1. State the number of residues belonging to region 390-436 that are surrounded by fewer than 19 Cβ atoms within 10 Å (Cβ to Cβ) and within 15 Å of ligand 1 (Cβ to nearest atom).
2. Take the residues of region 360-386 that are of a type in the set (Gly, Ala, Ser) and under 16 Å from residue 350 (Cα atoms): which is surrounded by the most Cβ atoms within 10 Å (Cβ to Cβ)?
3. From the list 143, 129, 110, which residue is surrounded by fewer than 19 Cβ atoms within 10 Å (Cβ to Cβ) and touching a residue at least 60 places away in the same chain (Cβ under 8 Å)?
4. Could you figure out which of (1) within 23 Å of the chain's Cα centre (by Cα); (2) part of a loop (DSSP other than H, G, I, E, B) isn't true of residue 106?
5. Does residue 229 count as farther than 22 Å from residue 411 by Cβ, among the basic types (Lys, Arg), more than 12 Å from ligand 1 (Cβ to nearest atom) and surrounded by fewer than 19 Cβ atoms within 10 Å (Cβ to Cβ)?
6. Given the criterion free of Cβ contacts under 8 Å to residues at least 40 places away in the same chain and assigned to a helix (DSSP H, G or I), identify the matching residue among 215, 254.
7. Would it be correct to say that residue 137 is more than 21 Å from the chain's Cα centre (by Cα), in contact (Cβ under 8 Å) with a residue 12 or more places away in the chain and part of a loop (DSSP other than H, G, I, E, B)?
Amino acid sequence: MIGCSSFLAKSVARNISTNGFRRLASTKSLKETLQEVIPAKQEQLKKLKAEHSQAVVGEVKVENILGGMRGLKAMLWEASVLDPNEGIRFHGMTIPDCQKVLPPAPGGKEMTAESMLWLLLTGKVPTPEQSRQLSAELAEKGELPPFVTQLIDSLPKTLHPMTQLGMGVAALNHDSEFQAAYERGIKKPEYWTYTLEDCLNLIAKLPALAARIYRNVYHPERSLESVDKNLDLVGNYSNMLGFGQNEHLTEYLRLYIALHGDHEGGNASAHTAHLVGSTLSDPYISYSAALFALAGPLHGLANQEVLRWQMAMQKEIGDNITHENIKDYLWKTLKSGQVVPGYGHGVLRNPDPRFVALQEFCKTRPELQASPIIQLVQQTAEIAPDVLKEHGKTKNPYPNVDATSGCVLYHYGLTEFKYYTVIFGVSRALGALTQLVWARALGLPLERPKSYSMDALEKLIKN
Ligand code: NMX
Ligand code: MLT
């Protein structure tokens, strides 16, 4: 017996082969073991990329599978299409087209969120009356249920505003009409009407939710305005943020929110809403998931990063802002291994027309032209593309919308840049929720693409 157990102990100490798997007797921790296996996998990936990028597996190239699915044509998305050179079109309309025909708020010039939502949902330009009716409907639905205000008020101020927004949106699913109807047992052709109800309810409540987060985190001393039934969605949002008297900022927010509304389906937030919604999760939890995708620095959080980065640049350069100083700061950022926030894009290969539209807004107002932070952003946008071209990594050296979206907010006194992605989050609901309505109306299926391990890929390539 003794002999047998000592033999066993020895064989464990060397290795045991069970069902073909080698088990080493080791005291290494999980992390140490992982550290050992990662380099070989990294090498395997490098080799696959170098030798087989153009190999075709099924219908796609290996580079599509390994490269974040860039350029892969694999989604249906109704409301907008992004052209790499020209930028976004909403149902075929460019941004300047929309600016010409989408109704503004009474007394304003910029298109409203409601008129953009109408266009995204229906593919038609609403009349001013239709747009006003939608404003009234949203204002009617705009107050938050008390349990959500209690939830938001209970959160620590130090919790990032995007986390708070995602939590508030998820909690609203308590009252989901789609979920209740599904539990009752509705038929597929009815899905879209309940989805639409939830989507409109959510869009209506976002300003009150987002403004409450702003008040709690940054201005707890202020009281909060309630929803004004006579205002449009963004008019109300601006009012609840405490900027209702600043018509310039309110107009900027209208433009901002209409422009950020949709950017076809492949961007991370829209895609997340679509994926989660395809499981028939209700619109609230689907959009909550999307907000957490938006909260990453390579996506929506870039707008907070841009301001932080430009302020750091301003601090370092001081009053002596020259072409050379900005160029040096750009190189310093790149050499430290960081990305230049607000530049580059997964699809676009030209300056983002949303960037252009927001810059045009600045040109119409002398106070914005005189603003040091806006001037710095404009100067940076003139210099950065050449630096990024010389750096040679990014496929698109031009500014995206985030390069400029925050500086006007900053100039007008909305200086808390950790909050900026929340405004993007209020806006992206227009497009992401539009698609949820269409996905249910068209009976689109569960999203479930095929994945492979590197070993499986290698086998397929060999075959
Ligand atoms: N600064 C420095 N390097 C960059 C930049 C940039 N702005 N953009 C891309 N690169 C690098 C990128 O990191 C990658 O390097 P590596 O090979 O070492 O991984 C290389 O260039 C190739 O990347 P691309 O194929 O050009 O870009 P990709 O499609 O992978 O990513 C972004 C697109 C937007 C994530 C990327 O351009 C980026 O990180 N930009 C800065 C962050 C930003 O502004 N994000 C906001 C996007 C818009 N939004 O609102 O969501
Ligand atoms: C967006 O608006 O979602 C961003 O520009 C990112 C993207 O389109 O990939």
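1. Number of matching residues: 6.
2. 384
3. 143
4. Answer for residue 106: the failing condition is (1).
5. Spelling it out, residue 229 is indeed farther than 22 Å from residue 411 by Cβ, among the basic types (Lys, Arg), more than 12 Å from ligand 1 (Cβ to nearest atom) and surrounded by fewer than 19 Cβ atoms within 10 Å (Cβ to Cβ).
6. When all the criteria are applied, what remains is 215.
7. no
One line per residue, one yes/no per condition, for (1) of a type outside the set (D, E, K, R); (2) within 14 Å of ligand 2 (Cβ to nearest atom); (3) on the phi > 0 side of the Ramachandran plot; (4) surrounded by fewer than 14 Cβ atoms within 10 Å (Cβ to Cβ):
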{"position": "36", "(1), (2), (3), (4)": "no, no, no, yes"}
{"position": "40", "(1), (2), (3), (4)": "yes, no, no, yes"}
{"position": "47", "(1), (2), (3), (4)": "no, no, no, yes"}
{"position": "52", "(1), (2), (3), (4)": "yes, no, no, no"}
{"position": "56", "(1), (2), (3), (4)": "yes, no, no, yes"}
{"position": "66", "(1), (2), (3), (4)": "yes, no, no, no"}
{"position": "82", "(1), (2), (3), (4)": "yes, yes, no, no"}
{"position": "85", "(1), (2), (3), (4)": "yes, no, no, yes"}
{"position": "88", "(1), (2), (3), (4)": "yes, yes, no, no"}
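Taken together, the values in this text are just the output of simple stated rules run on the coordinates, not laboratory data. Keep in mind it's a predicted model, so treat the numbers as computed, not measured. So basically every Cβ, Gly included, is an ideal-geometry build from the backbone, and we count neighbours across all protein chains shown.
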